Structures are given as structure tokens and as C-alpha cells.
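Notes follow the structure.
The values are calculated or read from the model by the stated rules, or taken from the named source; none is laboratory data. Since the structure is predicted, the reported quantities are computational estimates derived from the model, not experimental observations. Neighbour counts run over all protein chains shown; Cβ positions are idealised from the backbone, glycine included. Accessible surface areas use protein heavy atoms only, side chains included; no ligands, DNA or RNA. Shrake-Rupley method; radii C 1.70, N 1.55, O 1.52, S 1.80 Å.
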There are 2 protein chains.
Amino acid sequence: MPAPVAESVLDAFAAIVGPSHALRDADATAVYATDPRGLYSGRTPVVLRPGSTAEVARILKLATETGTPIVPQGGNTGLVGGQLPDGSGGEIVLSLGRLDRIREIDLKSGTVTAEAGVVLQRLREAADREGRIFPLALGSQGSCQIGGNLAANAGGANVLAYGNARDLCLGLEVVLPTGEVLDDLRKLRKDNTGYDLKNLFVGAEGTLGVITAAVLRLFPAPKGRETAWFGLATPDDALALFEIATAAAGGALTAFELIQHRAVDFALRHIPGNRLPLEGPQPWYVLMEISSGRSADDARGLAEEIATAGFERGLVADGTLAGSLAQTDAFWRLRESLVAAQKPEGASIKHDIAVPVADLPRFLSEADRAVEAVCPGARVVCFGHMGDGNLHYNAAQPPGWDEDAFLALYPTMNRAVHDVVRALSGSISAEHGIGRMKRAELLETEPPVAIAMMRRLKATFDPAGIMNPGKLI
Amino acid sequence: MPAPVAESVLDAFAAIVGPSHALRDADATAVYATDPRGLYSGRTPVVLRPGSTAEVARILKLATETGTPIVPQGGNTGLVGGQLPDGSGGEIVLSLGRLDRIREIDLKSGTVTAEAGVVLQRLREAADREGRIFPLALGSQGSCQIGGNLAANAGGANVLAYGNARDLCLGLEVVLPTGEVLDDLRKLRKDNTGYDLKNLFVGAEGTLGVITAAVLRLFPAPKGRETAWFGLATPDDALALFEIATAAAGGALTAFELIQHRAVDFALRHIPGNRLPLEGPQPWYVLMEISSGRSADDARGLAEEIATAGFERGLVADGTLAGSLAQTDAFWRLRESLVAAQKPEGASIKHDIAVPVADLPRFLSEADRAVEAVCPGARVVCFGHMGDGNLHYNAAQPPGWDEDAFLALYPTMNRAVHDVVRALSGSISAEHGIGRMKRAELLETEPPVAIAMMRRLKATFDPAGIMNPGKLI
């Protein structure tokens with residue numbers, strides 16, 4: 001646990017950003033030291049809000065010189081505690097929110113150059129205004145920031161067609177722990193000049209350096225979108241429908257979400273305004289989105305073709321296309337409300353897993369058995385991005401149980417579900433990252449060769465150990 | 001320069017693969033020590049042809065113990081000398097060609113797991129047989145191998161829609177210099193468990209370890225393809241047409257090649273069977289390919305829409321759609337013959353550059369001036385992947401010059417052209433890599449921060465310096 005930071009050192013840090021951007025009041029710093037879900041709560045003696053890359057560089061240089069741990073933070077929306085200081089009061093939060101310039105939109109090159117603190121929603125809207133899209137879409141997009149998205153290699157529902165944050169990033173500006181600046185803001189699709197330094201920092205959760213700006217890819221805005229809600233009997237049927245959809249739509253298949261009925265049931269009961277798009281409940285649902293570069297008719301035609309094939313092959317029990325934009329919004333609102341709808345049902349033990357797409361049905365049956373073995377009566381709540389093999393596979397407490405008694409099973413339950421994941425060569429952190437939450441498990445269960453390499457990377461590029469200690473590795 | 005390898009050590013290496021797979025005869029080893037273009041010629045005391053990952057591991061372990069340099073080699077098609085031993089006779093060639101199993105095709109997950117020595121063409125055909133495509137397409141695909149493609153982060157004409165080798169790779173099996181095996185053969189689109197180790201090795205040209213197998217992405221086979229050949233007055237017109245094509249076709253735009261008339265002229269004069277697809281010559285040409293997931297009619301409709309818009313806006317002076325598969329093949333044969341067609345015109349100084357797409361016209365005018373300044377009368381021959389901002393920008397000798405006199409200008413010409421590239425924040429090696437050819441320039445001209453990081457990566461993961469010394473870094 002780090003020692004308290006000497007007052008004189010705090011003053012020196014504060015002087016770099018100026019007093020009005022160095023928050024030291026306990027009330028002001030508290031919001032930067034706690035996550036919105038209330039899972040993690042720490043302390044920090046100062047929150048530094050630099051206004052330029054040069055200020056970030058001076059901060060990191062001083063941190064290395066003084067051995068002061070730095071915790072970079074974007075919109076503070078991370079789900080694994082990667083953006084939060086520990087409880088020692090010896091870690092300084094570096095908030096990137098003031099680096100919020102969109103430096104350039106280059107339509108001919110199909111790129112936007114944005115600083116770390118640009119809020120995702122703002123970037124998406126800036127692209128929209130130019131007739132382009134920036135396809136990264138997250139539930140937290142109203143507050144999460146580009147720097148954090150890249151540090152966490154964010155995913156979401158559109159990875160299927162456009163890739164994750166890593167795939168959307170062409171170049172980076174990064175401040176190293178020494179205070180040196182790696183300027184690699186190139187707008188290039190092809191660049192084989194040496195080792196891939198960019199991808200060292202994307203997904204590194206701020207443990208190797210601080211991303212201060214990025215060149216990101218823009219795409220043509222689709223000319224038509226169609227959304228469909230299907231009811232199905234089994235995950236196997238959903239997988240077969242996914243094959244049909246992929247073959248029919250290819251890159252126009254921009255979302256293929258798998259949702260278990262219980263998740264929808266919770267959302268219908270607990271979130272006002274939701275309604276089931278079908279005649280009656282089905283065991284499983286698929287929310288499918290088609291985005292056509294041609295026309296609205298083309299999108300509708302493709303969606304109908306997939307729906308028809310699904311019905312004819314007996315895969316789809318019920319289904320409907322969104323007849324309007326309002327209906328489309330309602331489908332997605334229902335999907336997005338699944339997370340919040342779990343809370344009224346009590347405590348929940350969560351997993352963010354990926355397995356090969358072909359193994360999703362097997363994962364579901366084996367994980368269900370594992371959950372039942374750990375806690376008979378626990379209720380699986382499951383939804384996610386089937387096209388990426390990525391599910392949010394959660395277990396809600398049995399009705400009537402004490403929340404704490406159920407949460408005491410967290411490590412045992414995690415282990416049991418993750419054992420199924422590992423047996424299928426899957427990932428225990430598909431899109432949320434490692435942070436503080438999964439670090440111990442990562443170190444314990446990843447192949448020792450991989451862990452040793454990660455430790456060597458960390459020691460090589462952050463020898464003083466000042467960058468976001470206790471996270472990821 | 002490495003010392004000769006002791007006979008007893010050579011025997012120990014040979015014993016790992018067995019005598020029939022350790023080539024020591026000078027005639028047999030010579031083909032592994034020279035590149036097909038004859039630019040590089042080295043020597044090796046033995047060519048090891050391991051038959052398993054375990055044998056590769058034993059070889060690298062022994063190499064580290066004995067300090068013996070190892071040069072990994074795939075199909076020996078690299079253009080920058082990255083796959084060749086130096087002239088000392090102290091470097092051992094490790095040929096991966098016997099690791100040629102396609103371990104698995106998983107259609108539901110959309111993946112193929114292949115060993116390093118699988119020839120690209122064979123992998124493409126295996127995908128075709130399953131109704132899928134593996135989109136990496138290279139002139140050398142009949143002999144280049146997957147391991148080399150990944151080590152070089154190969155590009156080609158289809159990067160525009162499908163990405164480069166890096167983007168197509170989901171997982172790797174790598175033997176580290178210690179002989180440890182990093183088994184990361186996961187079939188996952190989303191995996192945020194720690195640092196991105198995969199991309200350390202993709203594009204590292206065998207300087208950090210040896211890729212022995214990979215999980216690669218497959219895509220649905222297009223249901224229709226249309227190819228068009230356009231004649232245009234200027235690169236600016238081509239750029240405007242590219243914008244139209246991107247907006248109209250999006251991900252269905254699978255190739256957009258820019259070709260200068262002189263390149264075509266050489267190909268018409270020197271390569272039998274070629275003919276110009278248009279009525280008469282134009283200063284510039286675009287070879288465009290549309291791949292539709294819908295139908296042949298859809299592909300044709302999109303291509304016609306783009307052509308019509310190009311004509312109406314006065315961007316396209318002449319153009320034709322391929323009326324048949326034979327015509328399509330003829331277009332691509334003409335495109336592929338541009339490389340060979342330069343040779344009969346004498347010596348050529350070559351560049352494999354990328355700049356932001358928007359800056360391509362500016363690059364061309366400034367680079368043309370730079371070439372003329374270095375060698376008045378030199379003839380620019382230029383073609384490449386406009387959609388990626390990647391051009392093969394070559395200078396042919398003035399007619400009648402002595403070849404060696406012209407080639408003496410190689411460093412000066414490279415520097416002049418690359419200075420233009422650097423001023424536009426471009427890349428001096430877009431898709432061919434660094435190898436031996438561009439190492440000195442890389443070290444001299446990349447930002448010192450980046451070079452220092454690359455050196456630290458090399459020292460961290462190959463402390464004994466046995467992996468492909470003298471290449472890349």
C-alpha cells in the first residue's frame with residue numbers, strides 16, 4: 001500500500017495544472033474515488049485535471065521522480081474498478097476530462113482525431129453531423145470518454161460489423177511514465193514500420209502510460225436500418241439463425257443480440273415503459289439489426305429474407321420487424337434496460353465472458369449446471385452479443401435470500417462459471433477488462449507464459465510502478 | 001557479424017529435426033539464403049525444417065543456450081530481406097514449411113486454425129470449398145505462407161474491406177526464444193484479459209519469436225462481384241471517385257486500385273496477353289471491385305451507380321465494367337503484371353509508402369518533383385491501393401542510362417521520396433515491412449521515443465539477441 005504523498009509533492013503536482021484544476025477538497029475528490037455502482041470506494045489526496053498533453057507529461061515525469069502512483073480516469077464508468085484509487089490515500093487521480101478537443105475530422109481519409117477526454121456521445125454526434133458514423137456504442141456513451149474506451153478496449157453491440165475500440169483506432173498519442181510523449185497520431189490503414197506500439201496501450205487500462213489523443217476511423221452512415229425481434233426455443237436455434245443472417249447480410253449484420261426470457265421478464269416488470277414486442281413470451285430472444293449502405297428498402301428486404309428463412313426452417317417461433325423508428329428505439333430501450341432490471345431482484349453475481357460462437361449453446365447448458373451446483377435456486381439472467389460469442393451471464397439470488405449471504409458465493413460462483421469458459425478456450429473478460437476485479441483470477445489462471453510476458457512488459461515500460469498500480473497485472 | 005557455428009552445435013540442431021530435415025548441402029541451402037529478386041544473398045550452415053511446434057521449441061531453446069542466431073523463413077517471398085541469413089554463414093535458417101496442417105475449420109465461429117507453413121493459396125482454397133473466403137490476397141499467394149504473412153503483417157488489395165493480416169488474426173501460437181510456447185489460439189472476437197500479446201508478434205518479422213500457428217477469420221463468400229476499369233485525368237478525380245464509391249458501397253467496396261498510365265503502358269508493351277480495357281489511354285486508371293453479399297445484380301447495380309455518378313460529375317473520362325469472369329480476370333492480370341513489367345525498362349528504385357488518403361494527390365505531385373530533382377529524366381511508375389492510402393511509387397531509370405549508375409541513386413532517391421512521406425505523417429513501409437532493407441532508415445528517422453520503445457521490447461523478449469538479428473530493429 002503506498003505511503004501518503006508529502007504535502008510539498010502535492011503542491012508541486014497542483015502547480016502543474018494550476019490551483020483551480022487540482023481538486024483537494026474531500027467532497028470534490030470523493031466522486032473521482034468511487035464508482036457509480038458503489039462496488040469500489042477509495043481515496044485520493046488530489047485530483048489533477050490537466051489541460052494539455054504537456055501538462056500530462058509533466059505530471060508523469062514528476063510522478064516517476066517522486067514514486068507517486070497515478071490513476072488515470074476518463075468518465076469513471078468502468079465496471080471492474082480500473083479507474084479508481086485504492087483506499088490508502090496515496091494514489092493521485094489524473095482526470096483527462098479537460099482534454100476534450102476534437103482536433104480534426106478528415107472526411108476524405110475517413111478519420112477523426114480526438115483527445116482522450118472527448119465524451120463518446122459527443123464524438124458520435126460530431127460524426128453524424130458530417131454524414132459519417134463512429135460505430136462504438138455503449139450504454140455509458142453519455143459520460144464515458146474516448147481515452148477510457150481505448151484504455152479498456154471497449155466493445156458493445158456493434159463489434160460484429162465494425163470491431164472493438166482497438167480495431168477502430170489508427171493512431172495514438174501517449175504520455176509514457178517518464179513524461180516522454182509517443183506521437184503516433186497517424187491516419188494510416190497500413191503502416192509496417194516496426195513493432196506495434198499502439199496496441200500495447202489499447203486495452204492496457206492505463207498501466208503502461210496515459211493515452212492523450214487518438215486517430216479513430218469513421219464509416220459511411222448507413223442509408224437504411226431495420227431492426228427485428230425474434231422469439232426462439234433454444235440457443236441452438238439462435239445459432240442457426242445467426243448463420244443464416246451472416247450468410248444473407250454479411251457486413252450489413254450490425255447487431256445480433258441473444259437475450260434469455262428471464263432477463264426480459266425482469267425488464268418488463270421493473271422498468272416502466274417496456275413491453276414485449278411479441279404475442280407472448282418465448283424462452284429466448286434475438287434482437288437483430290441490419291444496416292444497409294443501399295437503402296431502407298434493402299435493409300428491410302434483408303431482414304425479411306432472414307426472418308422468412310428462420311420461420312421456414314422452424315428456428316423462429318415468433319418475430320416482428322420494427323415498423324417505425326419509435327419501435328426500433330423501443331426494442332433497443334428494452335435491450336439496454338436489462339442491466340438495471342436485475343437490481344430489484346436482489347443481489348447478482350456477474351460474468352462478462354466470451355467463447356467461440358459455435359460453443360455458446362454448450363457454454364449455456366454447462367454454466368447453468370455450474371450455477372445450480374453452487375447455489376440451487378439461483379436464477380440465471382443472461383444476454384449479450386451472440387455474434388461476438390460474448391455474453392453477460394449473471395446469476396440472481398434465489399428469491400427471499402439474504403443479499404450478503406448470496407454475495408458471499410461470488411468467488412465460488414465466478415470460479416465455477418469461469419471454469420466452463422476456460423474449458424472452452426474462452427475469455428473471462430470479453431469486454432469489461434480486468435481492472436481490480438479480475439486481477440487475482442487472471443494472475444492465477446492465465447497461462448504462466450502469458451503472465452510472465454505481461455509482467456515483463458509492465459516492468460519494462462513502467463519500472464517505477466507508478467502507472468495505475470494494482471490493476472490488470 | 002556472428003561467428004561460425006561449431007560443428008557439434010550444428011549436429012545438435014540437426015538431431016532435433018532428424019537428418020533428412022536438416023539441409024547442409026550448399027546447393028540445397030542456397031535457395032533458402034537468396035531471395036527470388038536477387039537483391040539479397042547470404043549463407044547458412046544448415047536449414048532446419050521442423051515438423052512440429054515442439055521441435056521449434058527445442059531449436060529455439062538450444063539457440064538461446066548456444067547463442068546461435070535463427071532466421072525464421074516461410075515461403076521466402078518477402079521483399080525487404082527479412083527472411084534471409086546474412087553472409088557470415090553463422091545464421092541458421094528455420095524453415096516452417098513442414099508445419100502445414102490446417103488444424104480446424106470452424107464454420108459456426110467463422111475461423112480457421114492453420115499452421116505457419118500453410119501456403120496462402122491453399123488456405124484460400126480450403127475456405128472456398130466451405131463457401132467462405134479468407135480475404136488476404138497477394139501476388140505471391142501461390143508460395144507465401146501464413147506464418148510469414150503474419151510476421152510481415154501482409155496487406156494487399158483487399159485490406160480496404162477486410163483489413164490486413166493483423167486484423168484477420170484472432171489468436172496465435174508462438175515459440176519464444178527461450179523455447180517456451182505461448183498458446184493463445186483462441187477463436188474470440190472479444191478478449192480483454194490483459195495486454196495484447198498477439199500484436200507483439202504480428203508484424204515483428206520473426207525478431208521476437210516464431211509464429212507456429214494462428215486462428216484466422218473467415219468471411220461469407222460474396223454472392224456477386226463486379227469489376228470496373230476507369231480512366232481519369234488526375235489523382236484528384238480518383239480521390240473524388242473514391243469518396244463516391246465509399247458512400248455508395250461501404251463495405252462492399254473491396255478494392256480501389258489507382259494506376260498511373262506509364263505503369264499500364266509498360267505492362268501492355270512487355271507482358272504478352274495484356275490489352276487496355278478502354279478505347280484509348282488516360283493519364284490515370286482506377287480498378288474497382290464491388291463484392292455483394294446479396295447478388296450479382298446488386299454488385300452490378302452498385303458498380304453502375306458509381307460509374308454513372310463518376311461520369312456525370314466529370315470525374316471519369318472513360319470506363320467499362322467487366323462483362324464476364326474472363327474480363328474480370330484480364331483486368332486483374334493487367335494489374336498484377338505491373339510489377340514484372342518494370343524490369344524490361346531497366347533499373348527501378350522502389351517505395352512502398354502510405355499517406356492519409358486525403359493527401360495522396362499532394363504526395364504524388366510533391367514526390368514527382370522530388371524524383372525529378374534527384375534524377376532528371378527518371379520515369380515515375382506508380383500504382384497501389386488508393387483506398388488504403390498505400391502506393392507502390394517507383395522510379396524507373398531514364399532510357400539509355402547505365403543501370404548501376406541509376407541504382408547508385410537509391411539512397412538519395414529513397415530519402416527524397418520518404419521526406420515527402422514524412423512531411424505528410426505517412427509510412428515509409430506500408431505493407432512490405434522493414435527487414436534488412438529499411439532498418440537503417442527506420443532507426444534514423446522514426447521518432448526516438450518509438451525507437452527506444454522498440455529496442456526495449458527487443459531486449460526484453462529476446463535478451464540473447466538470437467531472433468533474426470539485423471532485421472527490423
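Show me, for segment A:349-359, the HN-Hα J-couplings you get by feeding each phi into the Karplus relation (A = 6.51, B = -1.76, C = 1.60, θ = phi - 60°), rounded to Hz, glycine and proline as x.
Each residue's phi maps through the Karplus curve to give 10, 10, 9, 10, 10, 9, 9, x, 3, 4, 9 Hz.
Using helices alone, I'd like the mean residue ellipticity at 222 nm for chain A: each DSSP H run of four-plus residues gives -39500 (n - 2.57), total over residue count, nearest 500.
My calculation for chain A gives -10500 deg cm²/dmol from helical runs alone.
Which value, in debye to the nearest 20, gives the size of the charge dipole of the protein assembly as shown about its Cα centre, when Lys and Arg are +1 and Asp and Glu are -1 at the Cβ?
In debye, rounded to 20, the protein assembly as shown gives about 560.
Computing the accessible area with a 1.4 Å probe over protein heavy atoms, can you report the carbon and sulfur percentage for chain A?
Here carbon and sulfur together make up 52 percent of the probe-accessible area.
Roughly what angle does helix A:296-312 make with the longest principal axis of chain A, taking Cα atoms, 0 to 90 degrees, to the nearest 10?
Helix A:296-312 sits roughly 60 degrees off the main axis of chain A.
What are the distances, in nm and sorted shortest first, from the label point of A:A54 to the label points of the same position in each other copy, with each label point placed 7 Å from Cα along the Cα-to-Cβ direction?
Ordered by distance, the counterparts are at 6.1 nm.
Using the alpha-carbon centroid of each, what span in Å lies between segment A:32-90 and segment B:54-93?
Each part reduced to its Cα centre gives a spacing of 45 Å.
Report the one residue of B:H392, A:G148, A:A358 whose Cα lies farthest in the direction of the positive end of the charge dipole of the protein assembly as shown (charges on C-beta: Lys and Arg +1, Asp and Glu -1; origin at the Cα centre).
A:G148
Report, for A:D106, each distance to the same residue's label point in the other copies, shortest first and in nm; define the point 7 Å along Cα→Cβ.
3.7
Can you give the charge dipole size of chain A about its Cα centre, rounded to the nearest 20 debye, using +1 on the beta carbon of Lys and Arg and -1 on the beta carbon of Asp and Glu?
Around 780 debye, computed over chain A.
Tally Lys and Arg at +1 and Asp and Glu at -1 over the other residues with C-beta under 12 Å from the C-beta of A:E431: what net charge comes out?
Overall, the nearby charge balance is 0.
Amide H to amide H, which residues 5 or more places from A:I133 or on other chains are under 5 Å from it, using H placed in the peptide plane?
The list, which skips near neighbours in sequence, is A:F219, A:A221.
Quick one: of A:K223/B:K108; B:K108/B:K198; A:K438/B:K198; A:K61/B:K471; A:K471/B:K190, which pairs are farther than 25 Å apart, Cα to Cα?
Table pairs above 25 Å Cα-Cα are A:K223/B:K108; A:K61/B:K471.
For B:T320, A:T193, give me the order by solvent-accessible area with a 1.4 Å probe, most accessible first, ignoring ligands, DNA and RNA.
Reading off the accessible areas and sorting them downward yields B:T320, A:T193.
Note down the net charge around B:V5, summing +1 for each Lys or Arg and -1 for each Asp or Glu among other residues with Cβ under 14 Å from its Cβ.
Residues close to B:V5 contribute a combined charge of -3.
Computed on protein heavy atoms with a 1.4 Å probe, what is the summed buried accessible area for the chain pair B and A, in Å² to the nearest 100?
About 6700 Å² of accessible surface is lost on pairing.
Taking θ = phi - 60°, what integer Hz values does the Karplus form 6.51 cos²θ - 1.76 cosθ + 1.60 yield along segment A:280-294, in sequence order, with x for Gly and Pro?
Going residue by residue, I get x, x, 10, x, 9, 10, 10, 9, 10, 10, 10, 10, 9, x, 8 Hz, with x marking Gly and Pro.
Using the Karplus curve 6.51 cos²θ - 1.76 cosθ + 1.60 with θ = phi - 60°, work out ³J(HN,Hα) for each residue of segment A:64-77 in order, rounded to whole Hz, and write x for Gly and Pro.
In residue order, the calculated couplings are 5, 4, 9, x, 9, x, 10, 10, x, 9, x, x, 6, 10 Hz.
Treat each spin label as a single point 7 Å out from the Cα along the C-beta direction, and report the B:E130 to A:A26 distance in nm.
Placing both labels 7 Å along Cα→Cβ, they lie 6.1 nm apart.
Under the rule of at least 5 residues apart or a separate chain, name every residue whose amide H is placed under 5 Å from the amide H of B:L172.
So B:L172 has HN proximity to B:D184, B:L185, B:R186, B:V215.
Which angle from 0 to 90°, rounded to the nearest 10, does the C-alpha axis of helix A:120-129 make with the longest principal axis of chain A?
Once rounded, one gets 70 degrees.
Hey, for B:D25 with labels 7 Å out along Cα-Cβ, what do the inter-copy distances come to in nm, ordered shortest first?
Shortest to longest, the spacings are 8.6 nm.
Give the relative contact order (percent, whole number) for segment B:36-186; include only Cα pairs under 8 Å separated by 6+ residues.
23 percent
Between segment B:125-158 and segment A:351-410, how many Å separate their Cα centres?
Spelled out, the Cα-based centre of one part sits 39 Å from the other.
Search the structure for amide H atoms under 5 Å from the amide H of A:G389, placed 1.01 Å from N in the peptide plane, and list their residues when 5 or more places away or on another chain.
none
Roughly what % antiparallel, to the nearest 5, for the DSSP beta bridges in the protein assembly as shown?
Of those bridges, close to 90 percent are antiparallel.
Could you do me a favour and compute the accessible area per residue for segment A:346-432, 1.4 Å probe, result in Å²?
That works out to 31 Å² for each residue.
Where does helix B:7-17 land angle-wise versus the long Cα axis of chain B, in degrees 0 to 90, nearest 10?
That helix lies at roughly 70 degrees to the long axis.
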